[in-house]
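The values are calculated or read from the model by the stated rules, or taken from the named source; none is laboratory data. Bear in mind that the values here come from a model prediction, so they are computed numbers and not experimental data. Here the Cβ positions follow ideal geometry from the backbone for every residue, glycine too, while neighbour counts run over all protein chains shown. Just so you know, the surface numbers come from the protein's heavy atoms only, side chains and all, with ligands and any DNA or RNA stripped out. Shrake-Rupley method; radii C 1.70, N 1.55, O 1.52, S 1.80 Å.
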Amino acid sequence: MPRAPHHNLTVPEHKRLRTEAEQQVMAELAKIARPDDRFKRACEIVQQADLEIAAHVDERNQAAMSLWFYEGVRGLNNVLGITPNAYVELRRRALHQDTSAKLTVDDERMTAEERRQAARDAKIPEIKDAADRLPSLSATVSVATARRKAALPILQDTALVLFEEPYGWTTERLGEVGGFSAKYARDAKNAAKRRRGH
């Protein structure tokens, strides 16, 4: 039976990357005194992060699935920067393309050829340079996710400040300034209220 090729995959320092990204966002937003300016910048950071995640997460996942299914590379959750359970979920979705299907013991015990055939049946693409691309894609998604995580509570808290007196902004105005719907603005404001215990 052919052995899986060995890749010297770089494992990004996800913890350090995330911590630095979060600290950078919090420091940047803390310097903005006016709540309307802080709100607008927090909205921009969240939207930029969403775009970056959307642009890279599928490519990251495809590279990881190619390495797992076609080459049998193990331990990819460390390269991806996700928990083992999230990695099982990623493989399950790729293999079964059904959110209710489970990853069975038989799925986990497939031979190399069965794994490759299952990938072909599930139309999982084989990506020749997946090992080269996966670390940087994973780092990009990690940083964008951390930036979003840091900015979102500030966006929500500032939305609530602007909604309350003395500002008295409507959810429509919040949405207009933030570049999203009034419903999103209302949800953001309500999330901040819940954190305050209201």
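Among the residues making up the stretch 19-43, those that are under 26 Å from LEU80 (Cα atoms) and either open to solvent by 80 Å² or more (accessible area, probe 1.4 Å) or in contact with a Gly (Cβ under 7 Å, 6 or more places away or on another chain) (or both) are GLU20, GLN23, GLN24, MET26.
Tell me which of these VAL141 doesn't satisfy, since it passes every other one: (1) β-branched (Val, Ile, Thr); (2) surrounded by fewer than 21 Cβ atoms within 10 Å (Cβ to Cβ); (3) under 30 Å from SER66 (Cβ atoms). The number of the failed condition is (2).
Tell me, yes or no, whether the stretch 156-165 has at least one residue that is over 16 Å from LYS193 (Cβ atoms), in contact (Cβ under 8 Å) with a residue 24 or more places away in the chain and open to solvent by less than 30 Å² (accessible area, probe 1.4 Å). No, the stretch 156-165 contains no residue that is over 16 Å from LYS193 (Cβ atoms), in contact (Cβ under 8 Å) with a residue 24 or more places away in the chain and open to solvent by less than 30 Å² (accessible area, probe 1.4 Å).
List pairs: first in the stretch 26-55 and over 25 Å from VAL141 (Cβ atoms), second outside any helix (DSSP H, G or I) and not basic (Lys, Arg), Cβ under 8 Å, 6+ apart or cross-chain? Sorted first by the residue in the stretch 26-55, then by its partner, the pairs are PRO35/TYR167; ASP36/TYR167; ARG38/ILE32. Pairs linking a residue in the stretch 105-126 that is closer than 18 Å to LEU90 by Cβ to a residue that is open to solvent by 30 Å² or more (accessible area, probe 1.4 Å) and at pLDDT below 90, with Cβ atoms under 8 Å and 6 or more positions apart or on different chains, are ALA118/MET110; ALA122/HIS96; ALA122/GLN97. Applying the criterion of at least 2 residues that are farther than 30 Å from LEU155 by Cα, open to solvent by 70 Å² or more (accessible area, probe 1.4 Å) and of a type in the set (D, E, K, R) to the helices (runs of 4 or more DSSP H) found wholly in the stretch 44-130 leaves 105-108, 112-121.
Of all the criteria given as (1) at pLDDT below 95; (2) open to solvent by 30 Å² or more (accessible area, probe 1.4 Å); (3) of a type outside the set (A, V, I, L, M), the one not satisfied by ARG147 is (1).
Restricting attention to the stretch 136-181, the residues that are of a type outside the set (Ser, Thr, Tyr) and under 24 Å from the mean Cα position of the chain (by Cα) total 22.
Tell me whether the stretch 58-70 contains one or more residues that are over 21 Å from LYS128 (Cα atoms) and either within 14 Å of the chain's Cα centre (by Cα) or at pLDDT 90 or above (or both). No - not one qualifying residue is present in the stretch 58-70. Here THR171 does not qualify as in contact (Cβ under 8 Å) with a residue 60 or more places away in the chain, open to solvent by less than 70 Å² (accessible area, probe 1.4 Å) and among the hydroxyl-bearing types (Ser, Thr, Tyr).
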